[in-house]
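Participant: Submitted below is the structure of interest, expressed as structure tokens.
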């Protein structure tokens, strides 16, 4: 089966699909060295990073037509490009959510109303600037957390901007399979955020019975009303043994890295094509991945990338605020995983030197 995988970073989906025996075209915003190794063909498409792909769709379709995929899978990059997603859905066999479903769940007011109707906790939202309290200013339809600001810092009001009350607690993600009224939890993980903001910086697999019970209850209550299909994820806040829904991600999730030993692409396809939710065994090991960001501009030619790094860039210049690479570790406890990540950080500091590492945010806490 020939799969085209489209995402700002298609590496992990391509690697899982390759291991499962699929022939992969990776359409990616970066096309790093690992993605090149994980796919039979790669195409760097700027529309995945610009969030406004109208001028680039013809070039994308030319590449997809030449590859002639049996199916298309989508990760991040189309959240703010509804027209592009609709065109993709109309032209190819896209295994994922319908455009109208994506549009609904990515509309903050619709999702908030849905949570309220089903008595699922979710922070208040506002269309106009609040006068008191702690709020976050966000842009509807965006992804990755780069767009999130404390409301006092929001200097420019955008047409798709809105405010969401700041909910204290631990940021977590719920990865799940869905089809109609049926939903299966794959895993729960802590979300790692950029030290200087809310950008996604990785995740750590969690094992907490109370959290898993709450996650299953939330999914069974809310997801049937969302109309989702296949692998999706929910961002939430875990506070005082209550989950508060922050956002729904109606697409493949980067957190799949934590569960990459499972046949996730096969499960997604079975769910989307045949309505089957296969049983997936729960991983026993602890795991964590973190994204290394550039604080200041970094020349890739100045860096050496060991084989144990992931998302290794293939060249060029990395601008401030952009990802450089990723670190991954597994172990029998949270502490063992944290020590392994810190060891890799120390090895990189030795390899790259103080000057370069002062320009980098490792996001290991």
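Since every read-out is calculated from the coordinates, none of them should be taken as a lab result. Everything quoted here is computed from the prediction, not taken from an experiment. Virtual Cβ from ideal backbone geometry, glycine too; neighbours counted across all protein chains shown.
Participant: So what is the 222 nm mean residue ellipticity for the chain from helices alone, if each DSSP H run of at least 4 adds -39500 (n - 2.57) and you divide by all residues, rounding to the nearest 500 deg cm²/dmol?
Facilitator: -8500 deg cm²/dmol, from helical runs alone.
Participant: Among the DSSP beta bridges whose two residues both lie in the chain, what percent are antiparallel, rounded to the nearest 5?
Facilitator: So the antiparallel bridges amount to about 80 percent of the total.
Participant: From Cα coordinates alone, what are the radius of gyration and Dmax values for region 231-307 in angstrom?
Facilitator: When restricted to Cα atoms, region 231-307 yields Rg and Dmax of 17.5, 49 Å.
Participant: Treat the count of other C-beta atoms within 10 Å as a stand-in for reagent exposure and order 118, 189 from fewest to most.
Facilitator: Ascending number of Cβ neighbours within 10 Å: 118, 189.
Participant: A further question on this structure: To make sure I understand, if each residue's beta carbon is the centre and we count other beta carbons within 10 Å, what order do 352, 135 fall in, fewest to most?
Facilitator: Fewest to most other Cβ atoms nearby, the residues stand as 352, 135.
Participant: When ranked by the protection proxy of mean other Cβ atoms within 10 Å per residue, highest first, what sequence do the peptides 265-275, 211-221 form?
Facilitator: 265-275, 211-221
Participant: Counting every Cα pair in region 2-94, what percent are over 21 Å apart?
Facilitator: Beyond 21 Å sits 20 percent of the P(r) for region 2-94.
Participant: Which of the three applies to region 271-365, rounded, prolate or oblate, going by the alpha-carbon gyration tensor with a ≥ b ≥ c and a/c under 1.5 meaning rounded?
Facilitator: The shape class here is oblate.
Participant: Continuing with the same structure: Taking neighbour Cβ counts within 10 Å as the exposure measure, how do 104, 2, 205 sort from fewest upward?
Facilitator: 2, 104, 205
Participant: Taking only the C-alpha atoms, wrap a convex hull around the chain and report its volume per residue in Å³ as a whole number.
Facilitator: Cα-based convex hull of the chain, divided per residue, equals 137 Å³.
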